[in-house]
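These notes concern the structure reproduced below.
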Amino acid sequence: MRKLTYFIACTIDGFIGDPQGDATSMYQFVDAPFLEFLTAEYPETVSAQGREALGIDAENKRYDTVVQGRGSYQIALDVGITSPYSHLREIVATRSLAESPHPDVELIGDDLVGRIRELKAEDSPLGIWLCGGSVIAGQLIEEIDELVIKTYPQVYGSGMPMFGAGFEPRDFELNDLRVFDNGVFVRTYSRKR
């Protein structure tokens, strides 16, 4: 069974963006040592355009599929990019797009949980990366097997939470913690089932 990993950036107080989902204030913390870590350990999470600019030609190490919500995908569409992760199978959860802007981007309008279960049942050594956002993370919370949380040294006070879900405690176990001199830390948790 393949893992669904929510690999996400957030503030110290657990927000993945401002109330509209903008997280550009976090970019200032992506310095050379942290970028080196990301490109070495999670090369597939760098967009196709970022990989080209940075000269990354690495094989996919952890994931072969990316799932994101319409809001996350819209960031790419706003700058004319219709396939931001062309090195992965791309899936966008949306009810507002009737037709995919790119032939390699699959749209899911209904039964997102069912589609994720199908993907998890596939025979592949690589996992599935849940890229964002809050609403689909909330819808998929019971399917998430692993959390990789890049925490940036900022406090928003309010904004878009990591999970747009109702209250219900769910337990995870800390597996790894990496701390960087710029104040960023990356925690990896596995789901306790």
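The values are calculated or read from the model by the stated rules, or taken from the named source; none is laboratory data. The shown structure was predicted, so the numbers you read here are calculated from the model rather than taken from an experiment. All Cβ positions, even for glycine, are placed from backbone atoms using ideal geometry, and neighbour counts span all protein chains on display.
Here are the numbers for this structure:
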item	result
Neighbours by Cβ (under 8 Å, 6+ apart or cross-chain): first from region 167-193, within 24 Å of residue 37 (Cα to Cα); second small (Gly, Ala, Ser) and modelled with pLDDT of 95 or more	172/190; 173/190; 175/190
Complete set of residues in region 61-93 that are over 19 Å from residue 144 (Cβ atoms), of a type in the set (S, T, N, Q) and modelled with pLDDT of 95 or more	82, 83, 86
Hits in region 81-109 - residues which are farther than 22 Å from residue 60 by Cβ, among the charged types (D, E, K, R) and in contact (Cβ under 8 Å) with a residue 12 or more places away in the chain	95
Residue list for region 22-42, filter: over 24 Å from residue 172 (Cβ atoms) and not polar (S, T, N, Q)	22, 27, 30, 31, 32, 33, 35, 36, 40
Failed condition for residue 32, given (1) over 19 Å from residue 149 (Cβ atoms); (2) crowded, with 16+ Cβ neighbours inside 10 Å	(2)
Any hit, region 69-87, residues being under 26 Å from residue 191 (Cβ atoms) and either over 17 Å from the mean Cα position of the chain (by Cα) or β-branched (Val, Ile, Thr) (or both)	no
Residue within region 19-26 that is touching a Lys or Arg at 6+ places or on another chain (Cβ under 7 Å), part of a loop (DSSP other than H, G, I, E, B), touching a residue at least 12 places away in the same chain (Cβ under 8 Å) and surrounded by fewer than 21 Cβ atoms within 10 Å (Cβ to Cβ) present	no
Qualifying residue in region 2-18 (condition: crowded, with 19+ Cβ neighbours inside 10 Å, more than 15 Å from the chain's Cα centre (by Cα) and outside any helix (DSSP H, G or I))	yes
Looking only at region 39-59, and only at residues there that are part of a helix (DSSP H, G or I) and touching a residue at least 40 places away in the same chain (Cβ under 8 Å), the one that is nearest to residue 9 (Cα to Cα)	45
Criterion (β-branched (Val, Ile, Thr), touching a helix residue (DSSP H, G or I) at 6+ places or on another chain (Cβ under 7 Å) and within 17 Å of residue 69 (Cα to Cα)) met by exactly one of 136, 141, 116	136
Filtered residue count, region 83-112, keeping only those that are of a type in the set (Val, Ile, Thr) and touching an Asp or Glu at 6+ places or on another chain (Cβ under 9 Å)	3
Where residue 107 falls short, out of the listed (1) under 24 Å from residue 175 (Cβ atoms); (2) over 16 Å from the mean Cα position of the chain (by Cα); (3) hydrophobic (A, V, I, L, M, F, W, C)	(1)
Residues of region 181-193 that turn out to be part of a loop (DSSP other than H, G, I, E, B) and either touching a Pro at 6+ places or on another chain (Cβ under 6 Å) or under 21 Å from residue 2 (Cβ atoms) (or both), as a count	3
